[in-house]
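Beneath this line is the structure, given in structure tokens, with notes to follow.
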């Protein structure tokens, strides 16, 4: 069992109309250790039923010997957890929240000797941002990294400048975006067409998928149809 801890919100930065970055300081600790890809679970004051109070969010920051965690959270209309977190009266800088973790096994792979394809939509980019920044900061050897990010419009691209800069600094890190609802000078359409056009056939590659269930379900189906083995496909569901 993981003990409950307390974290204080030290910053909230809106990044899109419905999405904000939350930075939290873990109290009573000088560092918090975790594996890139893990999440934390809040016990939010939103219901008398504990099962309705527990809400989990992937850590977007990477382990860097501090007690600060970064989360990127999208507001879900009618969602008890995000309705609370985006309420400027109930949840603001200085608010203390109870959490446990870090938890989860959707982690940075130990073996990066083969090409990896990180496929995500929306805030599903969070664990991959953590992994990529950690690989870069720690000089971890890898073969090839491909981040394939699907979203609606340019305004919805999260961490765009940072990831673009990393793609220029890191050898064999390729950053691809597909927009489904806006014309631009990049790829247009859904994320599925993009990874299908990029992924090599009949090679030893690994796919990691993160996002909402419909995207994950379709991606798994599409990759299996391309003759990839189920063992090559790893995923983290958001709802």
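Each value in this text was obtained by applying a stated rule to the coordinates, not by laboratory testing. This structure is a prediction, so every number in the text was calculated from the model and none was measured. When we count neighbours, we look across all protein chains shown, and the Cβ atoms used for this are built from the backbone with ideal geometry, even at glycine.
Assorted remarks:
- For the Cα trace of segment 169-236, dividing Rg by the Kirkwood Rh returns an Rg/Rh value of 0.97.
- Its convex hull of Cα atoms gives segment 1-117 a direction-averaged projected area, equal to a quarter of the hull surface, of 8.8 nm².
- Relative contact order (%) - criterion: Cα under 8 Å, at least six apart; region: the chain: 18 percent
- Considering only alpha-carbon pairs that sit under 8 angstrom and 6 or more positions apart, the relative contact order computed for segment 116-238 is 30 percent.
- Angle in degrees between helix 126-138 and the longest Cα principal axis of the chain, rounded to the nearest 10: 80 degrees
- Value of Rg to Rh for segment 116-238 (Rh from inverse mean 1/r over Cα pairs, i.e. Kirkwood): 0.94
- Antiparallel DSSP beta bridges within the chain, as percent of all bridges there, nearest 5: 50 percent
- Across segment 5-103, C-alpha contacts under 8 Å between residues 6 or more apart give a mean separation that, scaled by the residue count, equals a relative contact order of 37 percent.
- Distance-filtered residues of segment 35-75 - backbone nitrogen under 16 Å, label point 7 angstrom along residue 13 Cα→Cβ: 60-62, 68-74
- Helix-only [θ]222 nm of the chain, DSSP H runs n ≥ 4, -39500 (n - 2.57) each, per residue, nearest 500: -6500 deg cm²/dmol
- Residues in segment 1-32 reached by a label modelled at residue 93 [backbone nitrogen below 16 Å; 7 Å Cα→Cβ]: 8-15, 21-25
- Separation of alpha-carbon centers, segment 195-231 and segment 26-63, rounded to whole Å: 29 Å
- Among beta bridges that DSSP assigns inside segment 116-238, antiparallel share in %, nearest 5: 0 percent
- Degrees separating the helix 160-169 axis from the principal Cα axis of the chain, which is the longest one: 50 degrees
- Within segment 189-228: backbone nitrogen closer than 18 Å to the residue 49 label point (7 Å, Cα to C-beta): none
- Dimensions in Å of the chain - Rg and Dmax from alpha carbons: 17.9, 54
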